[in-house]
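In what follows, a structure is listed as structure tokens, so that the remarks can point back to it.
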Amino acid sequence: MIDPIYCETLFNYLYSEIDGYSLSHAAREVHNKSEVTENFLYGELPFKTWKEIVERANPKKDGVFFDLGSGTGRVVISSHMLFNFKKSIGVELLKGLHDKACEINKIYESEVKPRILEYVENRELQFLNKDIFDIDLREADFILMNHPFKDNGLFDSLEDKLIKELKSGSKIVTTIRALKNPAFKQLGSKKYNFSWGESTAYFHEIV
């Protein structure tokens, strides 16, 4: 495992000048020309917070990680660098945010990856500009859903999709609100510091 302090330094090199909130606002303005985004929420996980969450969740080693609503790719890239996921995948509907994630990924590939190649050379990193309801999650071992939908109907549909597609033992972390269906084993919750202040992360596992 790469030294976490060194990894955080590299992460900050990639993201210290990125204003995700402004990018999200601009991306919503463009997207709203064709579709209402009032149910979309944006928030960021600090590097240390995500590290603590993953360590508590204890996901499968060499598993596949999905960040549903990955924004500028912060969690995906930090996961790819810091943890031993064989594949880290970000899914983002808003093109402006997706494009920024791909732009940062190019910088990572050319300037950062060569420095840590011994740790990440067998790990895959991928960004998808898609609706989360249009992707296949059957290979997922670990999922983050940060800032779930405000709309109860969409949240229920997300639960249905996870139940239908995820294999037994897959783990899911949500923030703000927990998954309620009995198909999810509740693994507890804990408060962490997020970009919007202190909030709760909820831990689940598919039965």
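Structure values in brief
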| quantity | calculated |
| --- | --- |
| So residue 194, is it in contact with a strand residue (DSSP E or B) (Cβ under 6 Å, 6 or more places away or on another chain) and surrounded by 13 or more Cβ atoms within 10 Å (Cβ to Cβ) | no |
| Considering residues of the stretch 128-172 that are within 15 Å of residue 90 (Cβ to Cβ) and β-branched (Val, Ile, Thr) only, the residue farthest from the chain's Cα centre (by Cα) | 135 |
| Single condition residue 138 does not satisfy, out of (1) of a type in the set (Lys, Arg); (2) touching a strand residue (DSSP E or B) at 6+ places or on another chain (Cβ under 7 Å); (3) part of a loop (DSSP other than H, G, I, E, B) | (2) |
| Total residues in the stretch 163-191, condition surrounded by 13 or more Cβ atoms within 10 Å (Cβ to Cβ), farther than 16 Å from residue 75 by Cβ and at pLDDT 95 or above | 10 |
| Test for residue 60: is it among the basic types (Lys, Arg), surrounded by fewer than 18 Cβ atoms within 10 Å (Cβ to Cβ) and either over 24 Å from residue 110 (Cα atoms) or at pLDDT 95 or above (or both) | yes |
| Count of residues meeting criterion [acidic (Asp, Glu), surrounded by fewer than 20 Cβ atoms within 10 Å (Cβ to Cβ) and farther than 12 Å from residue 18 by Cβ] in the stretch 82-107 | 1 |
| Residues that are out of contact with any helix residue (DSSP H, G or I) (no Cβ under 9 Å at 6 or more places or on another chain) and in a loop (DSSP other than H, G, I, E, B), drawn from the stretch 152-193 | 166, 167, 168, 169, 176, 178, 182 |
| All positions within the stretch 135-179 that are β-branched (Val, Ile, Thr) and under 17 Å from residue 61 (Cα atoms) | 143, 172, 173 |
| Any chance residue 66 is outside any loop (DSSP other than H, G, I, E, B), touching a residue at least 60 places away in the same chain (Cβ under 8 Å), among the hydrophobic types (A, V, I, L, M, F, W, C) and surrounded by 23 or more Cβ atoms within 10 Å (Cβ to Cβ) | yes |
| Enumeration of residues in the stretch 80-91 that are outside any strand (DSSP E or B) and in contact with a helix residue (DSSP H, G or I) (Cβ under 7 Å, 6 or more places away or on another chain) | 80, 81, 82, 83, 85 |
| Test for residue 200: is it free of Cβ contacts under 8 Å to residues at least 60 places away in the same chain and under 16 Å from the mean Cα position of the chain (by Cα) | yes |
| Residue 109 vs. criteria part of a helix (DSSP H, G or I), within 18 Å of the chain's Cα centre (by Cα), under 25 Å from residue 8 (Cβ atoms) and not hydrophobic (A, V, I, L, M, F, W, C) | no |
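The values are calculated or read from the model by the stated rules, or taken from the named source; none is laboratory data. On a predicted model such as this, the values are computed, not experimentally measured, just so you know. Quick reminder, even Gly has a Cβ in these numbers, built from the backbone with ideal geometry, and neighbours come from all protein chains shown.
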